[in-house]
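J.: Handing you this structure, nothing more for now.
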Amino acid sequence: MANATEPPDHWWHADDDQDRPIPIGVDPTIPSPARMYDYYLRGTTNYAADREAAEKALSVVPSGRRIARANRYFMMRAVLAMADQGIRQFIDLGTGIPTSPSVHELAQAIHPNSSVLYVDNDAVVAAHNRALLATNESVKAIQADIREPDSILHSPELQDLIDFSQPVGLLFVAVLHFIRNSEDPLGIVRTFTSRMAPGSYLALSHITSEGTDPSVVSTIQQVYAQASAPAVFRTKAEIHMFFSGLELVQPGLVDVTRWFPQAAMFTTQPPALRFLAGIGSKIPLGHETDLESE
Ligand SMILES: C[S@@+](CC[C@H](N)C(=O)[O-])C[C@H]1O[C@@H](n2cnc3c(N)ncnc32)[C@H](O)[C@@H]1O
């Protein structure tokens, strides 16, 4: 875990990994996208199998850690921009292991009473999130699968926190590439966006096959085929479809590094793996968006 304290001891059983305690019900020998991502971010909530798989990915994407960090910066910028537009309620789907600053820290820095619902299907993430993120009445974390969007929408936590008659900030940051086409990722996103009031925003990032070397795509697919979720590369046009019914705000659906003011740091060599990110706004017909990038 990056920059966070530990959840209570009684949530864990013996330290079989000799590195980390293992939550009950978690198989540490199967790499998890959440713990691999934690490793890319230089966190410590990961096991040997996660680190080994992540190192295989990093062997073909040497800038992988910086891409992961740029993805966090995109999330940060999206939350701050949305809060600046008056958004006071957020749903963060595929939250990840707590990494500071988290969505509620950013949102509540602008509007202290902002509500945040964290959703992740990983047991380790859920244990940490409940302990570390659900810090007040306005912030809740649930263990749930985005492939079952109705169960999330009907959860008591969402119903307590989120009022869909008011604008919402919806985050699908680096999560939809773990959903196969057969699991209807477009339908999942639409289930949420169709309920959003005008003035709501969707922030989304996703790995893309376009501009990523086919041999890198193939290695990353092989690595994640051994993990608890596959890596599903999509074209820019396919990722664009997630914003259907929304208006993309500037600078559009672009390399994740372009959302990060110090993007020049990344431009000396093109990254081996491309990651696209965008923000869409749900606007009343006939209105222009005013969420501008710098
Ligand atoms: C790469 S991490 C991204 C974390 C965070 N959104 C960020 O961008 O910094 C992907 C997260 O999505 C979660 N995830 C993957 N598939 C999921 C699913 N079907 N339902 C809910 N969460 C999922 C993983 O457990 C992991 O925590």
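J.: If you take every DSSP beta bridge whose two residues both sit in the chain, what share of them, in percent to the nearest 5, is antiparallel? Write out the running numbers ahead of the final one.
T.: Values: 14 of 34 bridges.
Once the DSSP bridges in the chain are tallied, antiparallel ones form about 40 percent.
J.: Okay, moving on. When N is the residue count of the range 104-161, what does its C-alpha Rg come to as a fraction of 2.2 N^0.38 Å? Provide the component values of the computation, followed by the final result.
T.: Values: Rg = 11.4 Å, N = 58, 2.2 N^0.38 = 10.3 Å.
Taking N as the residue count of the range 104-161, the ratio is 1.11.
J.: Using a 10 angstrom cutoff on alpha carbons, build the Gaussian network for the chain and name the most mobile of Lys56, Lys282, Lys236.
T.: Lys56
J.: Dipole of the range 64-293 (Lys/Arg Cβ +1, Asp/Glu Cβ -1, origin at the Cα centre): which of Val189, Ile239, Ser115 lies farthest to the positive side?
T.: Ile239
J.: Let me ask something else. Which whole-number percent is the relative contact order of the chain (Cα, under 8 Å, 6+ apart)?
T.: Details: 555 pairs, mean separation 55.4, N = 294.
About 19 percent, as a whole number.
J.: Still on this model: Report, in debye and to the nearest 20, how large the dipole of the chain comes out about its Cα centre when Lys and Arg carry +1 and Asp and Glu carry -1 on their Cβ.
T.: Details: 22 positive and 34 negative charges, 137 e Å.
It comes to approximately 660 debye.
J.: If Lys and Arg each add +1 and Asp and Glu each add -1, what is the summed charge of the other residues whose beta carbon sits under 12 Å from the beta carbon of Ile67? Walk me through the numbers on the way to the answer.
T.: Details: positive: Arg65, Arg66, Arg69, Arg72, Arg274; negative: Asp255.
Charge balance near Ile67 sits at +4.
J.: Starting at 0 and stepping by 10 Å, how many percent of the alpha carbon pairs of the range 64-293 end up in each bin?
T.: The distribution over the range 64-293 is 8, 34, 39, 17, 2, given as percents.
J.: On full extension of the chain, what length is gained from Arg66 through Gln222, given 0.36 nm per residue of separation minus the C-alpha to C-alpha distance? Mind showing how you got there, number by number?
T.: On the way: separation 156, 0.36 × 156 = 56.16 nm, distance 2.15 nm.
Full extension from Arg66 to Gln222 adds 54.0 nm.
J.: Here's another thing I want to ask about it. Report the gain in length on full extension from Glu55 to Asp150: 0.36 nm times residue separation, minus Cα-Cα distance, nm rounded to one decimal. Kindly include the intermediate steps, with their values, before the conclusion.
T.: Values: separation 95, 0.36 × 95 = 34.20 nm, distance 3.59 nm.
So the extension gain works out to 30.6 nm.
J.: List Arg274, Arg51 from most exposed to least, where exposure is judged by having the fewest other Cβ atoms within 10 Å. Walk me through the intermediate numbers first.
T.: Working: Arg274 21, Arg51 17.
Ascending number of Cβ neighbours within 10 Å: Arg51, Arg274.
J.: Can you name the helices of the chain, as whole DSSP H runs, whose Cα span along the helix axis is 15 Å or more and whose Kyte-Doolittle mean is not below 0.0? Write out the running numbers ahead of the final one.
T.: On the way: long enough: 48-60 (19 Å, -0.21); 64-84 (30 Å, -0.06); 214-225 (16 Å, 0.56).
Once both thresholds are applied, what remains is 214-225.
J.: What residue among Ser151, Ser281, Ser32 has the largest mean-square fluctuation in a Gaussian network model of the chain, using Cα springs under 10 Å?
T.: Maximum among the listed residues: Ser151.
J.: Taking the Cα centre of the chain as the origin and placing charges on Cβ (Lys, Arg +1; Asp, Glu -1), which of Met75, Pro271, Tyr39 is farthest toward the positive end of the dipole?
T.: The residue sitting most towards the positive pole is Pro271.
J.: Further, regarding this structure: Given H placed on each backbone N at 1.01 Å, which residues far from Phe90 in sequence or on other chains put an amide H within less than 5 Å of it?
T.: Residues meeting the amide H criterion: Ser115, Val116, Leu117, Gly169.
Read-outs throughout are calculated quantities, based only on the coordinates presented, and are distinct from any laboratory measurement. None of these values were measured; they are calculated from a predicted model. Virtual Cβ from ideal backbone geometry, glycine too; neighbours counted across all protein chains shown.
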